[in-house]
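Input: a single structure, listed below in structure tokens.
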Amino acid sequence: EAGVAQSPRYKIIEKRQSVAFWCNPISGHATLYWYQQILGQGPKLLIQFQNNGVVDDSQLPKDRFSAERLKGVDSTLKIQPAKLEDSAVYLCASSLRGQGSSYNSPLHFGNGTRLTVT
Amino acid sequence: GDSVTQMEGPVTLSEEAFLTINCTYTATGYPSLFWYVQYPGEGLQLLLKATKADDKGSNKGFEATYRKETTSFHLEKGSVQVSDSAVYFCALSSAGGTSYGKLTFGQGTILTVHP
């Protein structure tokens, strides 16, 4: 099966600019996650969708970050305006969790988008 | 809240050496435990998992046992290879609540294996 697709792989922007990342999950996976991985740290959950509804966005900086998942498939994550501390790898993952499967079904991750804010 | 603590890295070993990466956790209830691996330039991949106390997860020669009494899930491999060089993440997933299926990660441990 095709894996989780993310684009772009790399992005360099100046602070105060805006940027958007795209994710296409594995076909049939209703749950989609965006994680932020700062260099030297473990991934941190930003937002979790179940179909096109938000399950958890408690750690999403809502003054500058937004995410949507129209039609319950693809998702976009946007940052506007970007700050230096937003430099990180943004990981998208999808899972069968919440679809009658056990809560311990694995997450499948994309290769991520590496964002550098200068 | 849930948290995962991994041993400080980086870890540097010679080929065929024994590997241990320590992982301890704090969670309410009975979480599932995971090890993920991230090879250079790639995304995170599930290495192994355990869903209840005393379960042993294993894959590619790696093993980890879910120890509820010590809240630990240490990763071990008897003989590492150069191709095992990667970043290893311990993670947990708690059942129920609003964050259904959310993974909480440790900070990662960089492993470098020399020939």
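Some observations on this one:
- Of all the residues in region A:62-79, those that are part of a strand (DSSP E or B), under 21 Å from A:PHE109 (Cβ atoms) and of a type outside the set (Lys, Arg) number 7.
- Residues of region B:49-66 satisfying the condition of being within 14 Å of another protein chain (Cβ to nearest Cβ), at pLDDT 95 or above and either under 10 Å from the mean Cα position of the chain (by Cα) or not in a loop (DSSP other than H, G, I, E, B) (or both): B:GLY57, B:ASN59
- Check on A:LEU45, of a type in the set (A, V, I, L, M) and touching a Phe, Trp or Tyr at 6+ places or on another chain (Cβ under 6 Å): yes
- Residue satisfying all of: in region A:89-117; in contact with a strand residue (DSSP E or B) (Cβ under 9 Å, 6 or more places away or on another chain) and at positive phi; modelled with the lowest pLDDT among these: A:GLY98
- Screening B:GLY9, B:GLY29 for residues that are over 24 Å from A:LEU91 (Cα atoms), touching a residue at least 40 places away in the same chain (Cβ under 8 Å), small (Gly, Ala, Ser) and assigned to a loop (DSSP other than H, G, I, E, B) leaves exactly one candidate, B:GLY29.
- Qualifying residue in region A:87-102 (condition: surrounded by 14 or more Cβ atoms within 10 Å (Cβ to Cβ), of a type outside the set (Gly, Ala, Ser) and more than 30 Å from B:LYS52 (Cβ to Cβ)): yes
- Checking each residue in region B:2-37 for being at pLDDT below 95, out of contact with any strand residue (DSSP E or B) (no Cβ under 7 Å at 6 or more places or on another chain) and at negative phi picks out B:GLU8, B:THR28, B:TYR30.
The values are calculated or read from the model by the stated rules, or taken from the named source; none is laboratory data. No experiment lies behind these values; they were computed from the predicted model shown. We place every Cβ from the backbone using ideal geometry, glycine too, and count neighbours over all the protein chains shown.
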